[in-house]
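The values are calculated or read from the model by the stated rules, or taken from the named source; none is laboratory data. Being a predicted model, the structure only gives us computed values, none of them experimental. Cβ: placed from backbone, ideal geometry, glycine included. Neighbour counts: every protein chain shown. What goes into the accessible areas is simple: the full protein's heavy atoms, side chains included, and nothing from ligands, DNA or RNA. Shrake-Rupley method; radii C 1.70, N 1.55, O 1.52, S 1.80 Å.
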Amino acid sequence: MAKVYLVGAGPGDPDLLTLKAYRLLREAPVVLHDRLVDGRILALIRGKRVEVGKAEGESGKQEAIHRLLLHYARTYPFVVRLKGGDPLVFGRGGEEVLFLSAHGVAVEVVPGVSSILATGLPLTHRGLSSGFAVVSGVLEGGGYPDLSTSAKVPTLVVLMGVRRRAWIAQELIRLGRDPKEPCLFVERATTPKEARVLSRLEEVAEGKVEVAAPAVWVIGKVVEVFDVLQKTPQAWALAEV
């Protein structure tokens, strides 16, 4: 039976693919890919392309993806399962590994650059943040996340939180975060359509911030670095001299 490679596509820019990911995409007879993988990366695929991406709320589709992976693993010498960002960061890659392993299919994970690392922000900037947490804005079945623990982390990164941004901001303020705390939304990071929206937590809570999904949302004092760079682009270089 074939081997399945669980490959991270990175945040969008093809230059951020690992060498191994690039080689596998060029050589794979079949690639099952997510809906939001950048078109420039999909253009690298020479073999059969199968889109298996899910929209928000389509949790039941994961079982169908499992069955497709098993089918192609029994049909081709090897299979690539291509997932945006890193395959094991909010990508349900772990479930696919367990399913395939339970059916006797060998799996190898090829890490990718997660979108949380593509914002250009120093998430652990000395003096501003001693650590960061990454949370999902939506749980399995559409549930709302419990933010009571992550609300206390200096820097908070929210994925899949655009639609619920007002609720998330309100909840974080209720749990004690400063309403004036800076926020940065990075839409479609590292792609030609990248856009950045700078705001305050209270503005998000009041529904005043317009953002388009998909976007990574960073909350914390490290956002001040981006604010400084916007006003004086040379400030970052000078600060490091």
- Query: Between segment 114-159 and segment 171-206, what is the C-alpha centre distance in whole Å?
  - Reply: 11 Å
- Note on the structure: Expressed in nanometres to one decimal, the distance between label points 7 Å along Cα→Cβ at Leu42 and Arg92 is 1.8 nm
- Note on the structure: Residue-normalised value, i.e. accessible area per residue, for the chain at 1.4 Å probe, in Å², stands at 50 Å²
- Message: At 222 nm, what value in deg cm²/dmol follows for the chain if DSSP H runs of at least 4 each add -39500 (n - 2.57) and the sum is divided by all its residues, to the nearest 500?
- Response: -7500 deg cm²/dmol
- Apply the Debye scattering formula to segment 85-215, with a single equal point scatterer on each alpha-carbon and no solvent, then give log10 I(q)/I(0) at q = 0.18, 0.19 Å⁻¹. -1.08, -1.17
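What do you get for Rg/Rh of the chain when both radii come from the Cα atoms and Rh is the Kirkwood radius? Don't jump to the answer; show the numbers that get you there.
On the way: Rg = 19.3 Å, Rh = 19.1 Å.
Taking Rg over the Kirkwood Rh, I get 1.01.
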- Note on the structure: Restricting to Cα pairs under 8 Å and 6 or more apart, the percent relative contact order of the chain works out to 19 percent
- Note on the structure: Check: in the chain the Lys pairs 8 or more apart or on separate chains whose Cα atoms fall under 20 Å apart number 15
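Keeping the other protein chains in place, figure out the carbon and sulfur percent of the accessible area of segment 1-113, with a 1.4 Å probe.
Numbers: 2840 of 5280 Å².
Result for segment 1-113: 54 percent of the exposed heavy-atom area is carbon or sulfur.
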- Message: Using only the alpha carbons of segment 2-105, what is the convex hull's orientation-averaged projected area in square nanometres?
- Response: 5.9 nm²
- Could you give the nm distance between label points at Leu139 and Glu63, where each point is 7 Å from its Cα heading toward the beta carbon? 2.1 nm
